[in-house]
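Have a look at the structure below, then the notes.
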Amino acid sequence: MKSILEMNQQVKNYLLITYYWPPSGGSGVQRWLKFVKYLPPENWKPVVYTAKNPEYPSLDHSLGREIPDHAIVIKRKIREPYHFYKLFRGMRKEEKINTGFLSENKPPALREKISVWIRGNCFIPDARRFWIGPSVRFLKKMIRANNIDLVITTGPPHSMHMIGLRLKRITGLPWIADFRDPWTKIDYYDSLKLTRRSDKKHKKYEKQVLENADRVLAVSPSMANDFRQITSCEPVVLTNGYDPDDFATSHNGKINKFSILHLGTMNKDRNHPVFWKVISQMADKNPAFKKQLHLHLIGKVDYSVLEQITHYGLDHYVTREPYVDHKYIMEKLKSAAVLYLPINDTRNAEMTLTGKLFEYLAAERPVVSTGPVHGDAAQILKETGSGSTVDFKDETALEKILMELFSRYQAGKTELRGKGYEKYSRVNLAKNLSQLMEEVVNND
């Protein structure tokens, strides 16, 4: 295979294996798009390996403009079983497969159960498993023809880590496995209807990746602690963050209503009845609150969310936008009076640290979160002074916080600048990552 890289003794070359890449939208693509953007090009030259014909839940073509000129992107065809999956589910060909079991329309119960069983037991670790073998065969030749110093995989999908595992065994190159979400502790793992054999297989693969990677990255402290319980690896916490460039050209929007905004996907595990119930009760009791109330949902929402909104008589107050290009997100955030952060009500709730949290911090609007009060997200809100967390079912605390924020809004106080959140900028995080990459390569 012909070399695609110029030889340069000063620059190290890393191979990034990722499924999510522009034009994919959502937080899954932004983590490594931003790292590729901010890793110093005088030290690190990226070769990005990704899918040519992927099944993305959403598209955002604006993100493609952020790919730096020095990045080499290789796209190869992937074979995914979604054609048959859609046929079985009764979906149209052009419909998107959502992550995290989000369903915008209520599916037939029996068909849904069968499709979940197939998804969990027939495609291990995930539906991209058929890309592992072809990718390994291609990449081992590409690596030999080029001066690749380091391999990085990011998941989910965890098939990317299985590619990394095989390349590690074949080439011996240092390898970093980056986990944007847990594997067997991900919020929907218990919903996969796994057989004992399938569960054992998932845990076997997970342990192999954790034990063989030269470094394991986790996006939250609790996730890192969980990995330590599985094996003797010592994960490095590298959170998600915000890009200062995204805020450089944005401006504060005019706030004409007490607008509570939620950004991103809201699946059934993030649909907390306490939120809708308290909002409804406050509107019934307080005419001023009722007059100024506005609920703004940007992103895909599960059908259960819409049912709750209707149940509590809030349809009139809701504005929905299915998806907004990321370049417009910051102005949307700054036009809100309150930013809402629901944490998945699942067994891994304490380790959940969603990417939107850090953009919420940089938007300098008060954040209200429903979730575990001792979780990782709650800790960051507390340490930066950017907002409050209430338990999933604490109606009294939620109403008190919302009333305080409404009073601030009436007084014209909508900004809330936290302290110390700058350490979560993508620029600073990339510096930390660059140092880690140097350590891994030099210690190999």
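Summary table below
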{"read-out": "Hits in segment 31-81 (condition: part of a helix (DSSP H, G or I) and either surrounded by fewer than 16 Cβ atoms within 10 Å (Cβ to Cβ) or in contact with a helix residue (DSSP H, G or I) (Cβ under 7 Å, 6 or more places away or on another chain) (or both))", "value": "L33, K34, F35, K37, Y38, H61, S62, L63, G64, R65, E66"}
{"read-out": "Count - residues of segment 389-401 that are surrounded by fewer than 21 Cβ atoms within 10 Å (Cβ to Cβ) and over 20 Å from K185 (Cβ atoms)", "value": "9"}
{"read-out": "Matching entry among F101, F138, F35 (being at pLDDT 75 or above, farther than 22 Å from S434 by Cα and among the aromatic types (F, W, Y))", "value": "F138"}
{"read-out": "Segment 421-444, residues that are under 17 Å from A363 (Cβ atoms), out of contact with any Asp or Glu (no Cβ under 7 Å at 6 or more places or on another chain) and surrounded by 12 or more Cβ atoms within 10 Å (Cβ to Cβ)", "value": "Y421, E422, Y424, S425"}
{"read-out": "Cross-chain or 6+ apart pairs with Cβ under 6 Å, segment 418-433 first and not assigned by TED's automatic domain parsing to the domain that holds E359 and assigned to a helix (DSSP H, G or I), then modelled with pLDDT of 95 or more and loosely packed, with under 14 Cβ neighbours inside 10 Å", "value": "none"}
{"read-out": "Residue within segment 112-122 that is under 21 Å from the mean Cα position of the chain (by Cα), farther than 21 Å from R31 by Cα, surrounded by 16 or more Cβ atoms within 10 Å (Cβ to Cβ) and among the small types (G, A, S) present", "value": "yes"}
{"read-out": "Residue match in segment 309-322 (condition: surrounded by 22 or more Cβ atoms within 10 Å (Cβ to Cβ), closer than 30 Å to M223 by Cβ and in the same structural domain as K382 (by TED's automatic domain parsing))", "value": "no"}
{"read-out": "Extreme residue, nearest to K52 (Cα to Cα), among residues of segment 123-159 that are crowded, with 17+ Cβ neighbours inside 10 Å and over 28 Å from the mean Cα position of the chain (by Cα)", "value": "M142"}
{"read-out": "Residue in segment 390-397 that is touching a Pro at 6+ places or on another chain (Cβ under 7 Å), touching a residue at least 12 places away in the same chain (Cβ under 8 Å) and in the same structural domain as A336 (by TED's automatic domain parsing) present", "value": "no"}
{"read-out": "Every residue from segment 11-28 that is part of a helix (DSSP H, G or I) and either at pLDDT 95 or above or under 17 Å from N146 (Cβ atoms) (or both)", "value": "none"}
{"read-out": "Of residues in segment 286-308 being part of a helix (DSSP H, G or I) and small (G, A, S), the one surrounded by the fewest Cβ atoms within 10 Å (Cβ to Cβ)", "value": "A288"}
{"read-out": "Matching entry among A363, A337 (being modelled with pLDDT under 95 and either crowded, with 18+ Cβ neighbours inside 10 Å or within 29 Å of W21 (Cα to Cα) (or both))", "value": "A363"}
{"read-out": "Test: residue in segment 357-374 that is out of contact with any strand residue (DSSP E or B) (no Cβ under 9 Å at 6 or more places or on another chain), more than 19 Å from R270 (Cβ to Cβ) and in the same structural domain as W276 (by TED's automatic domain parsing)", "value": "yes"}
{"read-out": "Some residue of segment 360-373 being of a type in the set (D, E, K, R), on the phi < 0 side of the Ramachandran plot and not in a loop (DSSP other than H, G, I, E, B)", "value": "no"}
{"read-out": "Extreme residue, farthest from T396 (Cα to Cα), among residues of segment 254-285 that are in a loop (DSSP other than H, G, I, E, B) and touching a residue at least 40 places away in the same chain (Cβ under 8 Å)", "value": "K254"}
{"read-out": "Given (1) in a helix (DSSP H, G or I); (2) touching a helix residue (DSSP H, G or I) at 6+ places or on another chain (Cβ under 7 Å), index of the condition L381 fails", "value": "(2)"}
{"read-out": "Pairs with Cβ under 9 Å, 6+ apart, first in segment 52-71 and without any contact (Cβ under 8 Å) to a residue 24 or more places away in the chain, second in a helix (DSSP H, G or I)", "value": "R65/K327"}
{"read-out": "Index of the failed condition, G313 passing every other in (1) assigned to a loop (DSSP other than H, G, I, E, B); (2) closer than 21 Å to K257 by Cβ; (3) under 21 Å from the mean Cα position of the chain (by Cα)", "value": "(3)"}
{"read-out": "Residues that are hydroxyl-bearing (S, T, Y) and within 17 Å of A378 (Cα to Cα), drawn from segment 220-234", "value": "S220, S222"}
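The values are calculated or read from the model by the stated rules, or taken from the named source; none is laboratory data. All figures in this text were calculated on a predicted structure; none of them were measured in a lab. Cβ coordinates were reconstructed from backbone atoms using ideal geometry, including for glycine residues, and neighbour counts include every protein chain displayed.
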